[in-house]
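The values are calculated or read from the model by the stated rules, or taken from the named source; none is laboratory data. Keep in mind that this is a model prediction, so the values were computed, not measured. Cβ sites come from the backbone with ideal geometry, for glycine too, and all protein chains shown count toward neighbours. Areas reflect the complete protein model, heavy atoms only, side chains present, ligands, DNA and RNA absent. Shrake-Rupley method; radii C 1.70, N 1.55, O 1.52, S 1.80 Å.
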Amino acid sequence: MIAYQYYPGCSLHASARDYDESVKGVLGCLEIKLEEVPDWNCCGATITPSLNQLQAQILPARNLALAAENKGDLIVPCNACYMSLKKVQHNMVKYKEIREGVIDIFSQTGLSLTGMPKVRHLLEMIMEDIGLAKVKEMVTKTLKDIKIVSYSGCQLVRPLGFDDPEDPQALDQLMEALGAKVLPFSQKSHCCGSSLITTQPELAFKMVDSILEEARKVGAEMVVVTCPMCQLNLDAYQGQINNKFNRTGELPIIYFTQLMGLAMGMSKSQLGIQRGIVSSNKALEKIG
Amino acid sequence: MSDHKIGVYVCHCGSNINGVVNCAKVTEEIGKLGEVVVAKDYKYMCSDPGQEMIKNDIREKGLDRVVVAACSPRMHEPTFRRALEGAGLNGYLLEMANIREHVSWVTKDKEEATKKALSLVKGAVKRVKLHEPIEEREVPVTNTTLVLGGGISGIQAALQVAEAGHKVYLIEQKQYIGGNMAKFDKTFPTLDCAACILTPKMVDVGQSPNIELYTSSEVIKVDGYVGNFTVTVREKPRYINHDKCTGCGDCASACIMKNRIPHEFDEGLSKRSAAYIPFPQAVPLKAVIDDENCLLLTRKKCTLACVKACGAKAINFNQHETIHEFKVGSIILATGFDLFDAKRSPQYGYGKYPNVINGLQFERMTNASGPTSGHITLADGTEPKSVAVIHCVGSRDENYNKYCSRVCCMSSVKFAHLVKDHCDAEVYEFYIDMRTFGKGYEEFYNRVQEEGVHFIRGKGAEVAQKDGRLVVKAEDTLLGQYREIPVDMVILNTALEPRVDAEKVAQTLGISRSGDGFFMESHIKLDPVTTTTDGIYLAGCCQSPKDIPDSVAQGSAAAAQSLAIIATGKVKISPISASIDSEQCAGCQICIGLCTYRAIKLNEETLRAEINEAVCKGCGTCAAGCPSGAIKVSHFNDDQLLAQIEGVLA
Ligand SMILES: Cc1cc2nc3c(=O)[nH]c(=O)nc-3n(C[C@H](O)[C@H](O)[C@H](O)COP(=O)(O)OP(=O)(O)OC[C@H]3O[C@@H](n4cnc5c(N)ncnc54)[C@H](O)[C@@H]3O)c2cc1C
Ligand code: SF4
Ligand code: SF4
């Protein structure tokens, strides 16, 4: 049994419980053990760096300090957390002032940053450590050509991500392995507006609409996501955005782990699928 | 140990050294060492008065060793060696301590700098005592030149050497010469027609009695050293007898594969036959049969329509590749560049949207003898009403190439002008910075601005399709606004990159490449034409992206280097070389693999390694690697190096 450390991030304990449930369900089936980092805190997401650079490092850095060096890679299911954690590691190596600032603050608390674990996105771990062959083996109920677009979002792939930043491939490949029909989609790694949805809704609504509109145009039945932030923006605001731009047609926004779980024979409720605001029932009818 | 009379000269290099190192103090301390009979510091040691000072001291005080503490020996070792020789002392009785690049330029700490400078000079003093006089060697040269690559820079170099009355072998990989320039219609900044200025030069190459042109050819081996290279060239068969072919093109019209093969010269915008004439002004203007697509050559079955059509009976399917061997004195590399493959940046939709094209495709479109007879057209044959030009695709980008490709701002401006001129569409240029640096370039840019072209400062981020039209998305950094501009055609002005086979060529010739992948010059400012291998010179885009004026200038400069070698009739070879003590050599051959210059060979009879001193650069890699300690490098022997270390640590 391979063991990993797990940093769920705030969303997965709140607005994205469905994601958390499906992650645990799927990894359980794959016999992978996750150990949650003790006493973790918010990563600061995209908001804190605009307030104070140094303090913005402290939030994610503390999580890295709490994680153990030798208990396996740190697996992160949220794109925003993934990037904050990776960025702080990068900044500590690249910028002397940041390194010294963080060390100085930590020295007052007894935390230490020697020996940080490797930070990896959940999708990255599934693709690289488990592999498509094993995933295919686990599929008991193929997705029968459900038409999807895979929307990786921006922080999975840039600036320090693991897939092609302009045309990510991992999510497409994984969905194909489950039997879904992946449609061509040019906005795979576009930004969903993230927290601008609360501070500059006009702008973020346009961004989300552009993503949803292309998905509808290419004929998608659902949009597959890897991030609770993207899911929230595309799902919870969809009604408002469709009204504003006069669009018809609802698109369920589903986590990749939820589709994995279904394909591996788990039930909708085990995977939290009923929690989505736009219902997936119709899109999932095909596979019963 | 006999007593030496050593003179030590510490240079201020203006404030370059003296601003950080206390030169007076170094001089004073060094003056106290035994055997140092004179120690002086001076503002510019390399100046005439500085050199005179050294010469006078040698004559008057009878110095027999000299130490100069100044800049890098790469800069002025030859200068000071000449000064010693001017006063009758062998130039190798000099040692330089580099207290500029190694000291004053790398720290601000004056105290530490002065300490380090002193240590280095002490090391030099200890070392110079063990120097021995060495005589430089001279070897005769072969008065022929090989030019590799027949683009504008190679053509220029070949013509100049030939005009001076010397033989040139011009080797071109493609079936024709002219390189990328042959594809253009107009050239910036003056918009003269590319063919009008290039074709006469290509014809001269074809007609010059001093130039032997080999097309469809590549260099497969280079042996020897400056003045005396032996180059092996493989010439691929064209399946056409050049003496008989009249270039009429009847074979092309008859060929069964007619209009079926994407034409490289037209950047895939037109189709050709398997037997074809590359382009109407090609030199040589002879047909060629493409062995990858000819039915007879690939499937051994064809009606031989070309053979029947050829009145001159020029087609010969029994041709084989030929191997040639040339003896040459120098080699000029002019292999040019490759265009960045825009598919590597999928966000621009190249290969996905038919109306997204690259710069060379646009050049072919505007060329009167090109695939659209000079008309700018969309995939459906209509004229565009608006065109976007995206700068810096694959250039100035951490993900691809960090460097600026230098010519594309200007060619983008040229594209804008050509669009305006041909079809009066709206043109939007998306740029990061406008780099219009050359003679007449800014003026050309201003002129095109006045033609009503929209210049948007912001890198084109993405090309998408919306409601059947292309849309360019970008942040307009002058407006501080995100913009989406719908257009009919997008021209991606992609980077100039090192050729795909650059590494192979570098290895065959034994030269280096710089970090960006282009061939490396020996000094980026003062010696941009010479490689680190004597007798091999660079011209044009194989050294770095550049425009036609610069390529031509460098072609001429490379020709001048070759002619200089020929004019002197002999070349000086650095006497610093390695030698093998054959008694000690165990014949393990480790050194052979280590030598980048391929100077070491196994003597088949004695089974001991042997160094060709003319090829050896004296780098010392072999000496460091020899497990038997059988290799010594003159002027860098163990005793000298140990003495230097001892001096530095003292
Ligand atoms: C779209 C575009 C537009 C441009 N417009 C202009 C313009 O208007 N004005 C201007 O001044 N500049 C312009 N330039 C720049 C111009 O193309 C170059 O300055 C010029 O082509 C450089 O010439 P070159 O001989 O160094 O290289 P190339 O033109 O690349 O020629 C190199 C030659 O070497 C041959 N070769 C390569 N490898 C080998 C090998 N291993 N063995 C044998 N032969 C080999 C090639 O086949 C080729 O014939 C433009 C460039 C581009 C991309
Ligand atoms: S091979 Fe014959 S037909 Fe072809 S161009 Fe030459 S002469 Fe004409
Ligand atoms: S010349 Fe202009 S377009 Fe080309 S890389 Fe440099 S800045 Fe970009």
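A few notes on this one:
- Loop-located trypsin sites (Lys or Arg not before Pro) in region B:340-405 whose Cβ has at most 10 other Cβ within 10 Å (DSSP): none
- For B:Arg608, distant residues with modelled amide H under 5 Å away: B:Asn603
- Residue range of chain A that is longest and free of chymotrypsin sites (Phe, Trp or Tyr not before Pro) which are both DSSP loop and sparsely packed (at most 14 other C-beta within 10 Å): A:96-244
- Among the trypsin sites (Lys or Arg not before Pro) in region B:111-179, none sits in a DSSP loop with a Cβ that has at most 13 other Cβ atoms within 10 Å.
- The modelled label-to-label distance between A:Lys206 and B:Leu479, using points 7 Å beyond Cα along the C-beta direction, is 1.0 nm.
- Whole-Å distance, taken between Cα centres, linking region B:172-244 and region B:409-474: 33 Å
- Anchor B:Lys126: lysines whose Cα lies under 27 Å away (excluding residues fewer than 8 positions away in-chain): B:Lys5, B:Lys25, B:Lys32, B:Lys40, B:Lys43, B:Lys55, B:Lys61, B:Lys110, B:Lys115, B:Lys116, B:Lys617, B:Lys632
- Region A:1-83: GluC sites (Glu not before Pro) in DSSP coil with no more than 16 other Cβ atoms inside 10 Å: A:Glu31, A:Glu69
- Label sites at B:Asp501 and B:Asn399, each approximated as a point 7 angstrom past Cα along Cα to Cβ, lie 3.1 nm apart.
- The relative contact order of region B:339-496 comes to 31 percent, based on Cα pairs under 8 Å that sit 6 or more residues apart.
- Region B:1-58 and region A:171-196 have their alpha-carbon centroids 70 Å apart.
- Helix axis angle, A:17-29 relative to chain A longest principal axis, alpha carbon, degrees: 90 degrees
- Chain pair B, A: total accessible area buried, heavy atoms, 1.4 Å probe, Å²: 500 Å²
- For chain A, the longest principal axis of the alpha carbon atoms and the long axis of helix A:201-218 meet at an angle near 40°.
- With the convex hull drawn around the C-alpha atoms of the protein assembly as shown, the volume per residue stands at 240 Å³.
- Extension gain, B:Tyr353 back to B:Glu604 (0.36 nm per residue minus Cα-Cα distance, nm): 84.2 nm
- Cα gyration tensor, region B:164-298 - rounded (a/c under 1.5), prolate or oblate: oblate
- Within region B:540-568, backbone nitrogen closer than 11 Å to the virtual label 7 Å beyond the Cα of B:Ala164 toward Cβ: B:556-568
- Rg to Rh, two decimals, where region B:578-634 supplies the alpha carbon set and Rh follows Kirkwood: 0.90
- Using θ = phi - 60° and Karplus 6.51 cos²θ - 1.76 cosθ + 1.60, couplings along region A:268-274 (whole Hz; Gly, Pro as x): 4, 6, 4, 9, x, 5, 5
- Accessible-area composition of chain B, carbon plus sulfur, in percent [1.4 Å probe]: 50 percent
- Per-residue HN-Hα couplings for region B:337-343 [Karplus 6.51, -1.76, 1.60; θ = phi - 60°; Hz; x = Gly/Pro]: 10, 10, 8, 4, 7, 5, 5
- Take the Kirkwood radius over Cα pairs of chain A, plug it into Stokes-Einstein at 25 °C and 0.890 mPa s, and you get 126 µm²/s for translational diffusion.
- Rounded to the nearest 10 degrees, the angle from helix B:152-163 to the longest Cα principal axis of chain B is 70 degrees.
- Value of relative contact order over region B:585-637, rounded to a whole percent, pairs C-alpha under 8 Å and six or more apart: 34 percent
- Phi-derived couplings, Karplus 6.51 cos²θ - 1.76 cosθ + 1.60 at θ = phi - 60°, listed residue by residue for region A:101-109: x, 5, 4, 4, 5, 5, 5, 7, 10 Hz, with x used for Gly and Pro.
- Inter-part distance where region A:17-33 and region A:38-66 are each reduced to a Cα centre, Å: 25 Å
- Per residue, the protein assembly as shown exposes an accessible area of 44 Å² to a 1.4 Å probe, with every protein chain left in place.
- Taking each of A:Lys144/A:Lys282; B:Lys420/B:Lys466; A:Lys71/A:Lys118 in turn, the alpha-carbon distance tops 18 angstrom for B:Lys420/B:Lys466.
- Built amide H within the under 5 Å cut-off of B:Ile261, gap 5+: B:Arg272
- Over chain B, relative contact order from alpha-carbon pairs under 8 Å, at least 6 apart, %: 14 percent
- Here the simple spin-label model places points 7 Å from the Cα toward Cβ, and for B:Arg447 and B:Ala624 these points are separated by 5.5 nm.
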